[in-house]
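Here's the structure, in structure tokens; my notes come after.
The values are calculated or read from the model by the stated rules, or taken from the named source; none is laboratory data. Since this is a predicted model, take the numbers as computed values, not measurements. No Cβ is skipped: glycine too gets one built from the backbone with ideal geometry, and neighbour counts run over all protein chains shown. The accessibility values were calculated without ligands, DNA or RNA, using every heavy atom of the protein model including side chains. Shrake-Rupley method; radii C 1.70, N 1.55, O 1.52, S 1.80 Å.
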Amino acid sequence: MSSTSLILYVDAQYISPYALSAFVALHEKALQFDIQTLDLAAKAQHEPDFAAKSLTRRVPTLIHDGFSLSESSAIAEYIDEVFPGTLLYPTEPQSRARARQVQAWLRSDLTALKQERPTEVVFLGEKQPPLSPKAQRAAEKLFSAAELLLAANTENLFGQWSIADVDLALTLNRLILHGDSVPDNLVTYAKTQWQRPSVQLWVNQKR
């Protein structure tokens, strides 16, 4: 393991929810890795050097011994297969499929909510106007799905921690940390997930 080279490219502000997910995944595996930051506001992701390394020119991008991989859920699945340590996904097939579904859903849906409660709210303490009706409907959809997923487990989605818990907690915290109304059980769940040491390492990055 000592000869393995791992580099994770993240945004310079440390506010990307997807960079957070990859960062946590690597820490949960207890892997040593270097961090390289990119100023996305300055379009550094399109500079030739990075563009030659990242197929999608996005963060996070992981470089493992010369192999380059972007997209946070792909990174998590890859390192879960390649490295020993804490499991990032459930071993039971249906639960593992559900975890991947949750990740895909949180990345592809709830657009109005994510636009009106960007991660600057979570990591920089920004305040935004009240949610629009469209964002309120997205929030209600989020709450409904989260409560169904947590019906049998109050601390983790699948009885034991998975990387999908980080993604769901981050989405809930877009609202919770802004002071929006969120069901108490979901607040408790998100706060518990947020205190995980690997998550706190990201939360406490200098910004």
What length, rounded to one decimal in nm, is gained on full extension from SER68 through to SER181, with 0.36 nm per residue of separation minus their alpha-carbon distance? 36.6 nm
Could you report the accessible area of HIS46 in Å², rounded to 10, computed with a 1.4 Å probe on the protein chains as they sit in the structure? 90
Could you compute how fast the chain diffuses translationally, taking Rh as the Kirkwood radius over C-alpha pairs and applying Stokes-Einstein at 25 °C with viscosity 0.890 mPa s? Give it in µm² per second. 139
Between GLU71, GLU147, GLU92, which gets the highest mean-square fluctuation from a Gaussian network model of the chain, Cα cutoff 10 Å? GLU92
Inter-centroid distance (Cα atoms) of region 17-93 relative to region 167-207, Å: 21
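ALA42 to GLN160: extension gain in nm, 0.36 nm per residue of separation minus the Cα-Cα distance?
Here the answer is 38.5 nm.
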Measure up LYS114/LYS191; LYS43/LYS206; LYS134/LYS191 against 28 Å on the Cα-Cα distance and list the ones that go over. none
In deg cm²/dmol and to the nearest 500, what is the mean residue ellipticity at 222 nm of the chain if only DSSP H runs of at least 4 residues count, each as -39500 (n - 2.57), divided by the residue total? -15000 deg cm²/dmol
Just want the answer: with Cβ charges of +1 for Lys and Arg and -1 for Asp and Glu, which residue in SER95, SER70, ILE7 is farthest toward the dipole's positive end in region 1-118? SER95
If I take every Cα pair under 8 Å that is 6 or more residues apart in the chain, average their sequence separation and divide by the length, what percent do I get for the relative contact order? 21
Rh_Kirkwood(region 1-116) over Cα pairs, Å, one decimal, evaluates to 15.0
Would you tell me the accessible area of THR4, worked out with a 1.4 angstrom probe on the heavy atoms of the protein chains, in Å² to the nearest 10? 40
Measure off 7 Å from each Cα along the Cα-to-Cβ vector at ASP109 and GLU140, then give the distance between these two points in nanometres to one decimal. 1.5
FRET efficiency, 1/(1 + (r/R0)^6) with R0 22 Å, evaluated for THR192 and LEU124 via beta carbons: 0.45
